[in-house]
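First the structure, in the form of structure tokens, and then the observations on it.
The values are calculated or read from the model by the stated rules, or taken from the named source; none is laboratory data. On a predicted model such as this, the values are computed, not experimentally measured, just so you know. Virtual Cβ from ideal backbone geometry, glycine too; neighbours counted across all protein chains shown. Accessible surface areas use protein heavy atoms only, side chains included; no ligands, DNA or RNA. Shrake-Rupley method; radii C 1.70, N 1.55, O 1.52, S 1.80 Å.
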Amino acid sequence: MRGFCSSSVFIISLLFISGSAGADEPETLWGWLIDFSRAKEVKPVSNLSYQEECGACHFAYPPGLLIEASWRQLLTEKALEDHFGENAELDSEMLNELRSYVFQRTADKSYSKRARKIAYASQGQSDLLRITDVPYIKRKHHEIPDELISGNDKVRLLSQCNTCHTKAEQGDFDDDSVWIPDYGIWNK
Amino acid sequence: MKSLVFGLLACVAAPFAFTSPATDSLLEYYQRDSQVQASISEGKQLWFKSQFINGQERSCTTCHGLDLTLTGKHQRTMKLIEPMSLKVNNKRYMNEKKIEKWFKRNCKWAWGRECTSQEKSDILMFLLAE
């Protein structure tokens, strides 16, 4: 009996270790089940190349904010040449690294509550290229008046998530941590 | 005699005080078939030169700002851009690929075309000296 107990404790702790083996690993169902801290919010960006390349002109969006079909359209050589009107070209080696990082962590492959909602709201919409066009995200920001976004020089675009979501870098988009520049806390 | 040589060397080296292996080899590459020396003052003029592109007056300073030791701002997304001057930002100009990539993107954005090697070497000399 003692042997059984200690070996199960051993196995369980092994599983814990492997389940939380670092923010770097793609998610697994098991990892999600035992990892309470991340069960709700999106996984933060954990790849340095992605952070550097995709965080140069704007906040580096965590892969869990869009479904795979969207990322696959955004991350091609051709698409990046005209990326929302900007040149975001990458050499093929870098592009391949980013693709494999992102495609393993898309909203439809994530178990977090937030990512599940995004995946659910994006179902069947294969032409979604913007997080800000995902119906769930649109709905959440529907009531914020334009003067606090486009009329606000410190925000300008809804796509600048981290200007209002103070914990965006940690993947946390909870409305508790919103602070709109030159306005403050949002109480609707 | 020795100190004279060193003195002279120091004078020659002074304008190049801030360089990295990346910028050394890029400058050599840009200058490989040029008769004209790269010039800081030419680079400065190019940096501040503005043009009308897509109905907008644009220059390198549109995003990087007028003072290279201060933080810039991406004109479209408003994202802050770390200062370009090595005096305040020692992470600058360390990677050839990165420098080339942004020259390509930003010249197209600000001037509607890629920069020539001569322009790039002038600008790089200016940026390294600021």
note = For the range A:83-116 the number of residues that are within 24 Å of B:H74 (Cα to Cα), modelled with pLDDT of 95 or more and open to solvent by 50 Å² or more (accessible area, probe 1.4 Å) is 1
query = Is there a residue being in a loop (DSSP other than H, G, I, E, B), open to solvent by 30 Å² or more (accessible area, probe 1.4 Å) and within 13 Å of chain B (Cβ to nearest Cβ) anywhere in the range A:73-82?
reply = yes
Helices (runs of 4 or more DSSP H) within the range B:24-130 that include 1 or more residues open to solvent by less than 50 Å² (accessible area, probe 1.4 Å) and either at positive phi or touching a Gly at 6+ places or on another chain (Cβ under 8 Å) (or both) = B:61-64, B:117-129
query = Taking into account only those residues within the range A:167-182 that are surrounded by fewer than 16 Cβ atoms within 10 Å (Cβ to Cβ) and over 19 Å from A:S112 (Cα atoms), which is farthest from the other protein chains (Cβ to nearest Cβ)?
reply = A:W179
message = What's the total number of residues in the range A:126-166 that are within 14 Å of chain B (Cβ to nearest Cβ), in a loop (DSSP other than H, G, I, E, B) and not small (G, A, S)?
response = 10
message = Quick check on my filter: what residues within the range B:104-124 are out of contact with any strand residue (DSSP E or B) (no Cβ under 9 Å at 6 or more places or on another chain) and closer than 21 Å to B:L70 by Cβ?
response = B:N106, B:I123, B:L124
ask   = Of all residues in the range B:47-76 being of a type in the set (A, V, I, L, M, F, W, C) and touching a Phe, Trp or Tyr at 6+ places or on another chain (Cβ under 9 Å), which is modelled with the lowest pLDDT?
value = B:I53
